[in-house]
Structures are given as C-alpha cells and as structure tokens.
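The values are calculated or read from the model by the stated rules, or taken from the named source; none is laboratory data. Predicted model, so just to flag it, every value in this text is computed and none were measured. Note that we place each Cβ from the backbone using ideal geometry, even for glycine, and neighbour counts take in every protein chain shown. Heavy atoms of the whole protein, side chains included, go into the accessibility calculation; ligands, DNA and RNA do not. Shrake-Rupley method; radii C 1.70, N 1.55, O 1.52, S 1.80 Å.
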Amino acid sequence: KLTFESNSELQLDLRSSISAGAGKGLINNNRSQFYLSGALQGSKEDAQGGTTFNLEGVLGADYSIFIYESPEVSFNLTADLIPSLNDPGRIRSQVDSNLKWEIFKDFYLKWTFYYSYDNKPPSADAAKNDWAVSLLGIEYKL
C-alpha cells in the first residue's frame, strides 16, 4: 500500500509511506465485514522540524455494514495503530469513519469523521492530535 498525507495541525507537510502485510477476514457476509491486519511500513516525513525516516508496524481493523433494503445504510470504520520500530515509544493512530444513510427514498445523509494522533510529532511545537467531523453531506439519486 502506498499513501501520501499532510496535516497542518500536526505540522506535517508530507508523509510518504509504503507498507506490506497480511490480514484476516473474521466476518464476511452480505451485511457486514470485519478484517484485522498487520504490516510493516516505511515512511518519510517532511515537516517544519526537518525530514525523518521511520520503520513502523501497523495493526489495523476495518469494520463495514451494508444494508440494501429501505432505508439503505452503509457504514465503515477503519482504525490503525502504528508503533515506531526505530523511535521507541512513538505511537501514532488513525481512525476514519463514514456513514451514508437513506433518510427517504433516494435521499441520503452523509457523515464523515477522522482522528489522527501522534505522541511524538515530527515538529516539537505541533499538536499531538487532529480531528474533524462533517455532517453536511447530502446526496440525491436521480
């Protein structure tokens, strides 16, 4: 998996990461899925404090619900715990969630949420966490 991210609250200009790992599906049916995974990840962080290279472990969980009857609902929650292997004691985490809920026929309310945490951010004066919630998404199928 290849990812690129930035975060102004954490004073992170760019984090480039590549990871490889394996996972196991514990639930997989027509209404829900639940997966656990583990990986090794290499990352390069460009921040106001300089550039650092990290080797990290990634422990992940992903849970999804799909309801295709009226009202339709789709929900996803992904959480990653990312301990550093070359900087002992550094732990990052990332939680992402989204919901799409049919309020009435073909009219949907959308919700998204994310939370990022880094107990030792790359820049010394950066915040340790950042989060946001968006409740204003709507969709109508024609």
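Being among the small types (Gly, Ala, Ser) and part of a strand (DSSP E or B) is the filter here; which residues of region 79-108 pass it? If the condition is that a residue be among the small types (Gly, Ala, Ser) and part of a strand (DSSP E or B), then Ala79, Ser84, Ser93, Ser97 are the ones that fit. Taking the criterion of being under 18 Å from Asp80 (Cα atoms) and hydrophobic (A, V, I, L, M, F, W, C), the residues of region 13-26 that qualify are Ile18, Ala20, Ala22, Leu26. For Ser70, state whether it is hydroxyl-bearing (Ser, Thr, Tyr) and under 20 Å from Ser6 (Cβ atoms). No, not satisfied. Residues in region 98-142 that are on the phi < 0 side of the Ramachandran plot and acidic (Asp, Glu) were compared, and the one that is surrounded by the most Cβ atoms within 10 Å (Cβ to Cβ) is Asp118.
Residues that are open to solvent by 30 Å² or more (accessible area, probe 1.4 Å) and among the hydroxyl-bearing types (Ser, Thr, Tyr) were ranked within region 34-77; the one that is farthest from Ile18 (Cα to Cα) is Ser70.
Tell me whether region 114-123 contains one or more residues that are in a loop (DSSP other than H, G, I, E, B), farther than 22 Å from Ser19 by Cα and in contact (Cβ under 8 Å) with a residue 40 or more places away in the chain. Yes, there is a match, as at least one residue in region 114-123 is in a loop (DSSP other than H, G, I, E, B), farther than 22 Å from Ser19 by Cα and in contact (Cβ under 8 Å) with a residue 40 or more places away in the chain. Anything in region 1-15 that is of a type outside the set (Val, Ile, Thr), under 15 Å from Gln94 (Cα atoms) and open to solvent by less than 60 Å² (accessible area, probe 1.4 Å)? List them, or say none. Asn7, Leu10, Leu12, Arg15, listed by residue number.
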